[in-house]
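To start, the structure itself, in structure tokens.
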Amino acid sequence: MANRVGNTASATELIPAGHTALTAEEELDGHQSDTSSSYTVFVIADNRFHTQQRDWHANVKIPVGNTHGTFDLVRKSGLSDAGYIKAWGFSANWDWPGWFARVAYDPYQNFSAQNAWRFAGGVRF
């Protein structure tokens, strides 16, 4: 088994030499423009228990003046407490210089049988 350069050794990061499978949280594509807007596409994959769990993310950051919005679309699939699932989720964040707000929908959170809505806000210090 070979370990990818730059990763710390763990059971999920060990791969056969020459194998091109993605490890947990590996970025597939990304771009940042001169205006600080950016997008990233990545997958979080976990198969430690042969569950084929995958969270695919498409993340976009959009600046507007001295604020910015970050939007994340999630496609989740794999074996869960509810059987094999396929579901879509999202998060929407808005950041101001002194505070932030967030709303998110997480279907089958942590691959359980429960769906979750999350609402958050806070101040920066």
> R0 = 30 Å: FRET efficiency of T51 with W88, Cβ-based, nearest 0.05?
Replying inline: 0.95
> Put +1 on the Cβ of each Lys and Arg and -1 on the Cβ of each Asp and Glu in the range 24-123; which of V123, Y84, T70 then has its Cα farthest toward the positive end of the dipole?
Replying inline: Y84
> Roughly what would the spin-label model give for F125 and V41, points 7 Å off Cα along C-beta, in nm?
Replying inline: 4.1 nm
> Label points 7 Å out from Cα along the Cβ direction at T70 and A101: separation in nm?
Replying inline: 1.8 nm
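Quick note: the coordinates plus some simple rules give every number you see, no bench work behind them. Everything numeric here is computed off the predicted structure, so don't read it as measured data. Because the Cβ atoms are built from the backbone with ideal geometry, glycine has one as well, and the counts that use them run over all protein chains shown.
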